[in-house]
1. Against the conditions (1) more than 24 Å from L198 (Cβ to Cβ); (2) at pLDDT below 90, where does S52 fall short? Just the number, please.
2. Please go through segment 403-443 and pick out each residue that is free of Cβ contacts under 8 Å to residues at least 40 places away in the same chain, among the aliphatic types (A, V, I, L, M) and either touching a helix residue (DSSP H, G or I) at 6+ places or on another chain (Cβ under 6 Å) or over 28 Å from Q293 (Cα atoms) (or both).
3. Mind checking whether some residue in segment 278-293 is modelled with pLDDT of 85 or more and either closer than 17 Å to L356 by Cβ or within 18 Å of the chain's Cα centre (by Cα) (or both)?
4. Which one of these does H326 not meet: (1) under 30 Å from S44 (Cβ atoms); (2) in contact (Cβ under 8 Å) with a residue 12 or more places away in the chain?
5. Kindly list, by first and then second residue, each pair from a residue in segment 333-350 that is under 14 Å from D248 (Cα atoms) to a residue that is of a type in the set (F, W, Y) and at pLDDT below 85, limited to pairs with Cβ atoms under 8 Å and residues at least 6 apart or on different chains.
6. Do you know which of the residues in segment 95-154 that are touching a Phe, Trp or Tyr at 6+ places or on another chain (Cβ under 9 Å) and hydroxyl-bearing (S, T, Y) is surrounded by the most Cβ atoms within 10 Å (Cβ to Cβ)?
7. What number of residues in segment 248-277 are over 30 Å from F122 (Cα atoms) and free of Cβ contacts under 8 Å to residues at least 24 places away in the same chain?
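The values are calculated or read from the model by the stated rules, or taken from the named source; none is laboratory data. This structure is a prediction, so every number in the text was calculated from the model and none was measured. Positions of Cβ are backbone-derived with ideal geometry, glycine not excepted, and every protein chain shown enters the neighbour counts.
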Amino acid sequence: MFRVLTFPECIYLAVCVQRTDRLTLLYSTLVFLSREAFRRACLSGVSGKNHSWRQVINLLWLTLPLGALWAALLICVWLWLLEVPDPQTIPYYGPAVVLFALSGVQELLAEPLWVLAQAHMFVRMKVVAESLAMIAKCSITVVMVMFAREWGLYIFSAAHLVYTGFLVLCYAVYFIRFLGSKEAEEKGFPLHSVKDLLPRRAKGEVPLVDWSLAQLTWSFFKQSFLKQILTEGERYVMTFFNVLSFGDQGVYDIVNNLGSMVARFIFLPIEESFYIFFAKVLERGRDVKSQKQEDVAIAAEVLECLLKLVLVVGLIISVFGYAYSHLALDLYGGSLLSSGAGPTLLRFYSSYVLLLAVNGVTECFVFAAMSQREVDKYNLVMLALSLSFLFLSYTLTWWAGSVGFILANCLNMGLRILHSVLYIHRYFLSSQWKPLRGLLPSPLLLLALAVSAVVTALSEGVFCCDSGWLLRLVHISVGAACLLGQEEDEMQRPEVSEEDLTETINKLGRSGPAKSKTTEVMQECEKVGKAAPSVFSGARSGTETVLNARSGPPIIRKKQRLGVVEQLVDFLYLLPLHILFSLNTAQQAGWSQQLDSANTTIGAMVLSSALWRYVKHSMSSMCTSSTNRTPGTSSATPWSM
């Protein structure tokens, strides 16, 4: 939510100040190469239940000297190997490079705390820390742009330094207050004082670090170089080889930032969160038959749900992105962006988002399930992909200009998806679960998207975008009609008082026993959504029906047309509910403490979805037109996508 709220400020800053993208590339390279390998290794279950958090903390503190080493090296490259901008055009470039590198090292101070928070599902802690830091950064930047614009790159450097400082401060304050508290004792937190957060040798332990984790970290560290090239490859090519003019680079950066909004807001948090989930559920390096079948079932079910989710969202973005790229850039930057290659770039990027979405989910599962030996083998695959990507980026850019970068990214992402899909297929080959079915959308959904693509493309040609605001609004209305669809005729619904809704929300917010949380959430959701009790019987946990239809006036549904969003809402409604039951099964299997906060979060998603659907009258697509429905039957609409 805070990323969305701060996006308008970023638009304002992009218009007001000419900034170089090299500084953010320096920062992202530094922090990624310094911490990514440690995060992936330490958050996985490679050491089992007997690993020592003392050794993990010691290992995580190695990110700080490693970050300092990378900072010194990258400062030299950015100041002496790369072309330095003209001081008259872009002043304070040298100090800005040093400050951005310093901000990266400063952020690494919070790395042990970040891993602790993620491992113990302190979801709220991460959200609050990043939100406060982002608000502080944007506020300082806006104020300095308005009153001290002549400071140039000092503004962005100082704001970024404040951002990383706020992150470290939030994590430090939280753990200082949390450690030793009654809440920590009740949760059985492995650390007891602030001293336990610092690197030191524990009594009776010879090794300072867990060598199995250290070896896995080294494997991921070698992979991090290649993954960084694949992630930021086009920016390295632009920075080091100057294949595009500065004007084309600026347009590409703007389109890249706009196009990657969904990836940053939705897909990246999903990838980060569910990598931890899969790493905790599955035992790294073991096949399906040698693991607990309950855990494998949970992982397969959640993976299928996630693939369905990102596929539908990606398809919608690809379809509607084609017809509304020109309008979006015209609203964002005027004719300067919409009159050149910008719309074409954004159209290609909309299709690239679909590949980004699928790759994020498939790779987060693959990296959580791979053994150390498989990770080392995959590093060779990454090396081949990196070299081919750099070659394709350089070649396709000379042939197709800025679009060549996106084409190279699409080819690279397609190969990565192919590798991950083959791995997942082999992983579940000897089992009854087929999570890759989540990549098979229903023909009706594809037909609806195809019709929407044709209609919106014709609308763009007729109404957009040089004939005034009235025709632009008509074009937007056409897209909204295709996206939202129409609901015909009226439906009879029971009354739910505002007091009942308030009581439901308050009750969900109160903590309860982990094993009874699912039942509590389901009862409260049914209270709100009793107009359509069959919705809840449609969600299944394993092979049994989780909730039978109960008494209550059914919805009388007549003929209606469902748009893409109605189908998507139906699917999104059952997705968190389905994951909730998977998490509840995991809790009963013995690791309820780690998943209690995740269960609460998913439960809140279910309840908010129920409230939204009730208000918007969109439950009807989940019910049958018959009033004599058999208890326990379910609608397959959302699961047939």
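1. (1)
2. The answer is L411, L415.
3. Yes, there is a match, as at least one residue in segment 278-293 is modelled with pLDDT of 85 or more and either closer than 17 Å to L356 by Cβ or within 18 Å of the chain's Cα centre (by Cα) (or both).
4. (1)
5. Within 8 Å, the pairs are L345/Y252.
6. Applying the filter and picking the extreme gives S103.
7. Count: 1.
Rundown of residues vs (1) of a type in the set (S, T, N, Q); (2) out of contact with any helix residue (DSSP H, G or I) (no Cβ under 6 Å at 6 or more places or on another chain); (3) closer than 25 Å to L26 by Cβ, yes/no style:
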| residue | (1), (2), (3) |
| --- | --- |
| E111 | no, no, yes |
| W114 | no, yes, yes |
| H120 | no, yes, no |
| R124 | no, yes, no |
| V128 | no, yes, no |
| S131 | yes, no, yes |
| I135 | no, yes, yes |
| S139 | yes, yes, yes |
